[in-house]
Amino acid sequence: MTDVLILGAGYAGLCAATNLAARVRRRDDVRLTLVNAGERFTERLRLHSTGAGRPTADLRLPDLLAGTGVELVCGWVTAVDAGARTVHLDDGRELRFDKLIYALGSAADTASVPGAAEHAYTLDGFREAEALAARLHTLRDGGGSVLVAGSGLTGVEAATEIAERHPRLTVRLLGRDKPGSGMTPKAQDYLTAALNRLGITVQAAEIGKVRPGGVELAGGEPVPADVVLWTAGTRVSPLAAAAGLTVDERGRIVTDPALRSVSHPYVRAVGDAAAIRQGFGLLHGTCQSGMPTGVHAAVSVARELDGRPARPFRFGYYHRPVSLGRADAVVQFTRPDDSPRRAYLTGRAAVWYKETVSASPWPAYARMLTVPGLASWWPHGGRYTR
Ligand SMILES: Cc1cc2nc3c(=O)[nH]c(=O)nc-3n(C[C@H](O)[C@H](O)[C@H](O)COP(=O)(O)OP(=O)(O)OC[C@H]3O[C@@H](n4cnc5c(N)ncnc54)[C@H](O)[C@@H]3O)c2cc1C
């Protein structure tokens, strides 16, 4: 019996588990176990919407895994012993593995600035997003101020969603870069116009500290806010480094071209938790690249179980879809290295596009993968690769 353990049931881990299950369904010598913090699938792509107070689908992992043969274990991973090939959970359980797919994702980097962990809200999970929604609800009628820290795409999506949903709140988007950097000037202008239309104040600055009731800029100037939402940067779990796996300076597992850990080849790393190099550089954490890495890990493990060599992973980006509230969006099409092409979509067409790519794909997707033949159809190559 070969025990394959998958840690983390986010986009990458769930892709790996369901795809591998479909590929080994006729084998009785492979056992698949998926470990996740809770039973609910965290649709991170929708958490800015949850945080603004909109209802989000309650997708349960046992339903998504029904019929796949994957055993779900709910628990918090506290340690990985890469040498002994065991994983420890917070309730004292120990799980053994022959092969490990590490997909523990990432979270907002609240450690980068003093006070952020204590005083800022995050969009790390449903609990955190719902806490933000509850706080905004208490402020919505009397007015109040929200400061979104981080002008990346998550910050833009959160600020626009909050401003649209709570028009009496004043919303400030504060970050180092101009929002929409990495887009063509025309797409960036469209994004800026949407921020202006929603009354969002954009400020280029660096935060030095988060305090109760606001932030202090790096130069010491206070910026008051009733709510601070932290979206500036991400960090990964320290578990991989503590396990002795080779990690990069951000703690992500360094992989070879087949997504194996360079120090422990029976460990694969996928999604935000992995440092995966392509010809153009390191992948940055997105669902767009995370799902194909999960599928590729499944394909590779299945090949190895059949005695065939794993193939290298090849990926190229193709878009940056950004919602600007529920009624507007901008989609920047990109070259494989994520640099912008001239083409972009705006308005209704962009809303439709964005909604289609972030729609809750799991019930249909997971069921599709249980149909023999369709698992190998899912593109882990083709349009995802160069
Ligand atoms: C608001 C928001 C909007 C976004 N929008 C987009 C977008 O439009 N397009 C895009 O491509 N990307 C987007 N992203 C980024 C995208 O969500 C991530 O890149 C993606 O979720 C990474 O997938 P993952 O499977 O690697 O990790 P995750 O989705 O983070 O999943 C990790 C899983 O592991 C579990 N876990 C973590 N630690 C432990 C532990 N110690 N024990 C047990 N379980 C654990 C978590 O509970 C979670 O289920 C967005 C992110 C946010 C926050």
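Restricting attention to the range 58-68, does a residue exist that is part of a strand (DSSP E or B), away from the ligand (no atom under 11 Å from the Cβ) and modelled with pLDDT under 95? Scanning the range 58-68, I find at least one residue that is part of a strand (DSSP E or B), away from the ligand (no atom under 11 Å from the Cβ) and modelled with pLDDT under 95, so the answer is yes.
Considering (1) within 20 Å of the chain's Cα centre (by Cα); (2) crowded, with 20+ Cβ neighbours inside 10 Å, the lone condition that VAL24 does not fulfil carries the number (1).
Within the range 327-345, the set of residues being within 14 Å of the ligand (Cβ to nearest atom) and assigned to a loop (DSSP other than H, G, I, E, B) comprises ASP338 only.
One line per residue, one yes/no per condition, for (1) within 16 Å of the ligand (Cβ to nearest atom); (2) farther than 30 Å from PRO309 by Cβ:
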| position | (1), (2) |
| --- | --- |
| GLY220 | no, yes |
| LEU229 | yes, yes |
| ASP256 | no, no |
| LEU259 | yes, no |
| ASP272 | yes, no |
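When the strands (runs of 3 or more DSSP E) confined to the range 76-182 are screened for residues that are surrounded by 15 or more Cβ atoms within 10 Å (Cβ to Cβ) and more than 15 Å from the ligand (Cβ to nearest atom), those reaching at least 3 such residues are found at 144-149, 169-175. Pairs linking a residue in the range 226-253 that is without any contact (Cβ under 8 Å) to a residue 24 or more places away in the chain to a residue that is surrounded by fewer than 20 Cβ atoms within 10 Å (Cβ to Cβ) and among the charged types (D, E, K, R), with Cβ atoms under 9 Å and 6 or more positions apart or on different chains, are GLY251/ARG235. Do the conditions hold for ARG46, that is, is it buried (at least 18 other Cβ atoms within 10 Å of the Cβ) and more than 11 Å from the ligand (Cβ to nearest atom)? No, not satisfied. How many residues does the range 129-154 contain that are aliphatic (A, V, I, L, M) and farther than 20 Å from LEU173 by Cβ? Residues that pass the stated criteria total 2. Restricting attention to the range 274-287, the residues that are within 8 Å of the ligand (Cβ to nearest atom) and touching a Pro at 6+ places or on another chain (Cβ under 9 Å) add up to 0. Kindly establish whether GLY10 is within 13 Å of the ligand (Cβ to nearest atom), farther than 16 Å from ARG303 by Cα and in contact with a Ser or Thr (Cβ under 7 Å, 6 or more places away or on another chain). Criteria met by GLY10. So is ALA21 assigned by TED's automatic domain parsing to the domain that holds THR246 and either away from the ligand (no atom under 14 Å from the Cβ) or part of a loop (DSSP other than H, G, I, E, B) (or both) or not? It is true that ALA21 is assigned by TED's automatic domain parsing to the domain that holds THR246 and either away from the ligand (no atom under 14 Å from the Cβ) or part of a loop (DSSP other than H, G, I, E, B) (or both).
Run down ALA302, ALA310, ALA350, ALA297 and say which single residue is within 13 Å of the ligand (Cβ to nearest atom) and over 30 Å from ASN196 (Cβ atoms). None of the other options fit; the residue is ALA297. Selection over the range 190-236 of residues that are among the aromatic types (Phe, Trp, Tyr) and either exposed (fewer than 14 other Cβ atoms within 10 Å of the Cβ) or part of a strand (DSSP E or B) (or both) gives a count of 1. Against the criterion of being surrounded by fewer than 18 Cβ atoms within 10 Å (Cβ to Cβ) and of a type in the set (Asp, Glu), ASP248 qualifies.
Among residues of the range 303-326 that are more than 20 Å from TRP352 (Cβ to Cβ), those with a beta-carbon under 7 Å from a residue that is within 14 Å of the ligand (Cβ to nearest atom) and of a type outside the set (S, T, N, Q) at least six positions away or on a different chain give the pairs PHE313/LEU259; PHE313/ILE276; PHE313/HIS296; PHE315/LEU283; PHE315/PRO292; PHE315/TYR384; TYR317/ASP338. The residues of the range 24-41 that are touching a strand residue (DSSP E or B) at 6+ places or on another chain (Cβ under 8 Å) and either within 16 Å of the ligand (Cβ to nearest atom) or free of Cβ contacts under 8 Å to residues at least 40 places away in the same chain (or both), listed by number, are ASP29, LEU32, THR33, LEU34, VAL35, ASN36, ALA37, GLY38, GLU39, ARG40, PHE41.
The values are calculated or read from the model by the stated rules, or taken from the named source; none is laboratory data. In this text, all values refer to a predicted model and were calculated from it rather than measured experimentally. A quick note on method: Cβ atoms are made from the backbone with ideal geometry, for glycine too, and the neighbour counts reach across all protein chains shown.
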